[in-house]
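What follows is one structure encoded as structure tokens, with my remarks underneath.
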Amino acid sequence: MSSPPYTIIGTPFSTFTRSITLALHYKGLAFNQVRVTPHSDTAYENHPFGFLPTLVIPEIDGKTVNLKLRETQAIARYIDRVAPEPSLLISGGDAHALIEEQMWEFVSFAGAHGFPAVEKGVVKPRVAATDEGKLTDAQIRQNIQDGVAHLRKFLARAENAMAPEGYVFGEKLSWADFFLYPLLADLQAISEGEELSDRFQKWMKKMGELDAVKATAAGTLSVGARPP
Ligand SMILES: N[C@@H](CCC(=O)N[C@@H](CS)C(=O)NCC(=O)O)C(=O)O
């Protein structure tokens with residue numbers, strides 16, 4: 001008998017949620033998605049702080065548990081354990097990495113520094129101002145100029161931590177790519193996408209060829225959607 005599918009709580013518009021749905025698709029794990037925004041009633045019913053995503057695990061060892069697992073990196077570790085292949089881990093010796101934990105270091109950079117730099121500092125204020133329709137492009141650019149200056153620093157440092165070509169760790173697709181991609185796909189969709197270097201643009205193109213990326217595009221800013 002096949003196991004019941006997982007449930008992911010989170011709108012496709014949420015970049016952390018997309019990191020997980022990318023991996024669920026990539027690893028061929030069936031899931032349902034409950035498309036809610038952060039701090040909605042459903043978000044709070046599933047997450048103590050109303051954040052996204054939560055993964056609801058229906059069964060463990062054939063026993064119904066409906067366990068709610070929060071925090072994207074904890075969810076990633078669970079997914080790797082139940083579906084180790086195809087692997088999203090690296091090994092020391094992949095591209096510039098000496099030890100496998102450098103992949104988790106990059107993941108943490110993306111979440112802790114990339115999310116505020118890309119989403120909070122630039123994407124959200126740009127989208128809010130554009131949707132409101134009261135300011136000119138020049139006025140919006142002026143309002144977010146500090147955010148863009150900070151974004152440039154993040155992008156330069158992230159690029160510096162990447163292999164010179166291929167995925168973040170060269171030939172090996174990993175969680176590092178799945179954590180960074182949703183942020184830069186949003187960035188690419190707005191005018192400030194012009195900040196993406198040639199290296200990032202090549203990487204975006206390579207990522208865009210993945211079935212998992214195509215399957216998770218609906219409902220994201222990259223295709224012009226809005227929450228949920
Ligand atoms: N540390 C959390 C961060 C998740 C996160 O920030 N999710 C965003 C949506 S993409 C959110 O729920 N934000 C709500 C807020 O900032 O108040 C994780 O890794 O899961």
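The values are calculated or read from the model by the stated rules, or taken from the named source; none is laboratory data. This one's a predicted model, so the numbers in the text were calculated from it and none came from an experiment. Counting neighbours? That spans all protein chains shown, and the Cβs are built from the backbone with ideal geometry, glycine included. Ligands, DNA and RNA are excluded from the accessible area calculation, which covers all protein heavy atoms including side chains. Shrake-Rupley method; radii C 1.70, N 1.55, O 1.52, S 1.80 Å.
Some values worked out for this structure:
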{"read-out": "Normalised contact order of segment 6-82, rounded percent, pairs of Cα under 8 Å and 6 or more residues apart", "value": "31 percent"}
{"read-out": "Farthest toward positive dipole pole in segment 6-82 [+1 Lys/Arg, -1 Asp/Glu at C-beta], among 46, 62, 25", "value": "25"}
{"read-out": "Size of electric dipole in segment 101-210: Cβ of Lys, Arg +1 and of Asp, Glu -1, about Cα centre, debye, nearest 20", "value": "140 debye"}
{"read-out": "Solvent-accessible surface (1.4 angstrom probe) belonging to residue 96, in square angstrom, nearest 10", "value": "70 Å²"}
{"read-out": "Flagged links, alpha-carbon separation over 19 Å, of 27/172; 27/202; 124/206; 120/205; 27/214", "value": "27/202; 124/206; 120/205"}
{"read-out": "Neighbour net charge for residue 15 - beta-carbon separation under 12 angstrom, K R +1, D E -1", "value": "+1"}
{"read-out": "Cα-centred dipole magnitude for the chain, charges only on beta-carbon of K, R (+1) and D, E (-1), debye, nearest 20", "value": "340 debye"}
{"read-out": "Residue-span extension gain [residue 191 to residue 215] - 0.36 nm each, minus C-alpha spacing", "value": "6.2 nm"}
{"read-out": "Cα→Cβ-extended label distance, 7 Å offset, between residue 142 and residue 71, nm", "value": "4.4 nm"}
{"read-out": "Dipole of segment 92-188, positive end: most advanced residue of 114, 176, 147 [Cβ charges, Cα centre]", "value": "147"}
{"read-out": "For the chain, average projected area of the Cα convex hull in nm²", "value": "12.8 nm²"}
